[in-house]
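J.: Here you go, one structure.
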Amino acid sequence: MAAAGIDPGLFVGGACGSDSLNRDDLFAIALQRVREATGHDFRGEDVIIIGDTPADIRCARSGGGRAISVATGPYSAEALSRHQPDHLFRDLTRVEEVLKVLGRPMETASD
């Protein structure tokens with residue numbers, strides 16, 4: 001994200017693939033970290049998972065969160081779209097649009 005000009009400091013907490021071999025575990029890990037960091041009882045729908053694989057979309061769904069897919073990894077935008085992410089970007093170069101999506105309520109948008 002930093003490479004695209006998006007400050008990682010905008011995010012209170014999170015989880016990475018190295019935190020668990022089971023991608024679906026990452027949702028609960030991220031949610032717990034954010035709760036501990038803020039003292040706020042966030043719900044699943046408050047969480048946004050940003051990733052570049054169908055597994056990231058499934059991870060978001062496992063906890064009731066939003067899935068933002070970025071086709072910068074091994075999957076094309078077309079392949080990711082078949083898994084119905086809430087938002088889909090080919091890359092993160094359109095920073096203003098990405099930041100708008102991060103602040104929006106759940107709705108479908110794609111580039």
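The values are calculated or read from the model by the stated rules, or taken from the named source; none is laboratory data. Please read these numbers as outputs of a predicted model, since none were measured by experiment. In this analysis, Cβ positions are derived from the backbone assuming ideal geometry, glycine residues included, and neighbour counts consider all displayed protein chains.
J.: If you scan the stretch 76-99, which residues turn out to be within 14 Å of the chain's Cα centre (by Cα), at pLDDT 85 or above and assigned to a helix (DSSP H, G or I)?
T.: Listed by number, the list holds a single entry, L80.
J.: Pairs please, first residue from the stretch 64-92 and under 17 Å from G17 (Cβ atoms), second anywhere and of a type in the set (A, V, I, L, M, F, W, C) and assigned to a loop (DSSP other than H, G, I, E, B), Cβ atoms under 7 Å, 6+ apart in sequence or on different chains.
T.: Pairs that qualify, where the first residue is under 17 Å from G17 (Cβ atoms) and the partner is of a type in the set (A, V, I, L, M, F, W, C) and assigned to a loop (DSSP other than H, G, I, E, B), are G65/V47; V70/L92; L80/A71.
J.: Looking at the stretch 74-87, which of the residues that are within 21 Å of D25 (Cα to Cα) and not aliphatic (A, V, I, L, M) is surrounded by the most Cβ atoms within 10 Å (Cβ to Cβ)?
T.: The selected residue is P85.
J.: Shifting gears a bit: Quick check on this structure: which one of I68, I50 is at negative phi, of a type outside the set (G, A, S), touching a His at 6+ places or on another chain (Cβ under 8 Å) and outside any helix (DSSP H, G or I)?
T.: Just one listed residue meets the conditions, I68.
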